[in-house]
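Values in this text are rule-based calculations from the coordinates and carry no lab data. These numbers were taken from a predicted model, which means no experiment stands behind them. Counting neighbours? That spans all protein chains shown, and the Cβs are built from the backbone with ideal geometry, glycine included.
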Amino acid sequence: MGIDRRFALGAVPAVAVAGGLAATLLLGGTSTSVSAQSGAQMTTEQRDTATSLQGAFMKIADTVGPATVFITVKTDLPGGNLMFSPFGGGEAPGDDSGSPFGGDPFAPGAPFRRSQPNSPGGRTVTNSGSGVIVRPDGYILTNDHVVARAKNGMVTVQMSDGTEYIGKIYRDQRSDLAVVKITAGKPLPFVSFADSSRLRVGQWAIAIGSPFGEQNTMTAGIVSALNRKSSIGNGGDARYYPELIQTDASINPGNSGGPLLNIDGQMIGVNVAIESPSGTSSGIGFAIPANTAKSIMTQLIEKGKVVRGSLGIVPQDIPVKVRQKFGTDQGAYVFQVRPDTPAEKAGIVAGDVITQFNTTKITNEVTLRDAISTSAPGSTATIQVLRLGGKTAKVAAILTGQNEEVAAAPAPVPIPRRSNSLGFDPRPLTSELASTLRLPPSSKGLVVFAVTPGSPAADAELAQGMVITAVDNKTVNTVPALNAAIAAVKSGDVITFSVLLRDPDGGKPSQAVVNITIP
């Protein structure tokens with residue numbers, strides 16, 4: 001809608017405590033000040049409540065402030081006339097730092113950034129962000145995007161008293177979390193984890209960090225929502241945020257990696273991003289839940305890396321328009337199956353709905369991803385699937401350690417257009433076309449030669465180069481068979497196409513599904 005939904009790190013809420021605290025009311029465009037002295041006097045009970053809350057905030061500042069650190073990262077960039085905004089408003093020409101705060105419309109918050117003068121070999125850029133000490137022996141939790149481009153894998157950590165240490169980093173790009181280890185020679189103040197699974201909307205949320213380099217800044221708000229999700233990038237470069245905490249506590253670029261706390265001073269999340277039209281706080285901030293952060297942190301400390309199981313699929317929540325076909329909205333919809341993966345070998349196909357993974361009931365994409373990623377590579381998973389027509393199946397898959405990926409869309413094939421009632425042009429898959437599309441010669445089906453913009457097919461993201469192999473689980477190899485299958489579906493109902501997605505590198509194609517509403 002013309003709004004730049006740039007993720008930066010989120011907004012200054014006006015928090016009013018009941019009982020006579022000064023407030024401003026906007027009535028019919030007129031600003032009217034109301035104070036305790038112009039209305040009812042604050043009662044002793046109200047004052048005690050306000051004082052108690054104030055004391056809780058002050059205690060958090062005293063205890064968590066010293067455990068929140070300022071991280072600076074030096075990065076060497078190639079030479080050139082580069083300009084950098086300290087607000088992270090976009091990537092500069094030639095910047096390959098990988099900061100996700102740039103042009104992506106839904107990107108995580110960047111660290112605060114300052115550039116150094118040009119040198120003959122290029123330019124040194126100093127990024128800064130926040131971190132939180134989580135163990136007294138010098139382990140610090142932060143965001144991966146804060147430390148991702150550190151020279152020699154080392155960063156500078158400044159304590160609240162100004163003491164500086166050199167820290168070694170251990171990264172996990174996929175979760176956007178990292179651990180920094182410093183050696184202080186003494187026990188350090190640290191923050192304990194809350195159980196983020198018990199969070200409720202409306203609870204206090206307090207952020208501490210270094211927005212725009214202003215160290216140990218503390219702001220307060222509430223938990224605005226739970227289980228927000230986003231992902232940035234594709235394949236091995238992807239960062240995945242499956243269940244973000246949303247808050248209106250004020251966080252800005254530079255808050256990245258700092259703690260989000262409950263009223264008891266326990267960490268409920270790691271601040272990671274805001275959604276904003278300007279790149280600065282607008283009242284919608286996000287944090288990675290403490291339980292997720294603790295799990296990733298433990299693996300980084302114990303193993304130096306995060307080991308995840310993989311099934312080889314691209315899951316999603318069950319699309320609204322196909323829920324009626326399955327008679328449920330509970331489960332994870334298999335949008336794509338990668339070739340030669342545990343899922344393909346176990347007989348899972350695109351269009352299946354996974355309802356159980358080992359003993360875990362699967363209710364949506366997030367629960368499935370969590371179940372897979374927390375399973376060890378090499379372990380055998382028992383998986384319950386639901387298929388079109390109400391059939392169920394139980395399969396066993398031996399998980400690998402490869403990351404799940406979202407395949408790139410097939411490259412367009414320049415050919416003349418001619419459309420059917422759904423707005424696409426199907427042609428029989430000949431051996432010549434199979435060769436052109438880098439598909440195995442034995443591939444069968446119908447090639448999508450062209451898609452009309454604005455058509456039902458285009459709206460459903462059917463794309464040139466996809467190969468249709470089945471309609472509602474029935475094999476189709478000819479255009480008449482496809483047209484007959486389409487004609488048999490009533491207006492307003494959904495038809496499910498099983499398709500093959502070609503591998504741009506010439507490997508085996510992936511299975512996927514496309515759901516189109518019949519006009």
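For the stretch 451-499, what does the alpha-carbon gyration tensor say about shape, rounded, prolate or oblate, given a ≥ b ≥ c as the root eigenvalues, a/c under 1.5 as rounded, and a/b over b/c as prolate?
Because a/c hits 1.5 or more and a/b fails to exceed b/c, the stretch 451-499 counts as oblate.
Quick check on packing: order 452-458, 44-50 by the mean number of other C-beta atoms within 10 Å, highest mean leading. It would help to have the intermediate numbers written out before the result.
Numbers: 452-458: 15.9, 44-50: 12.9.
In descending order of packing, they fall as 452-458, 44-50.
What percent do you get for the relative contact order of the stretch 313-398 when only Cα pairs under 8 Å and 6+ apart count?
Value for the stretch 313-398: 29 percent.
Show me 373-386, 213-226 ranked by packing, highest mean number of other Cβ atoms within 10 Å first.
The densest-packed peptide leads the list: 213-226, 373-386.
Please give the peptides 141-147, 335-341, 475-481, 264-270 ranked by average Cβ packing (other Cβ atoms within 10 Å per residue), highest first, as a rough proxy for protection.
141-147, 264-270, 335-341, 475-481
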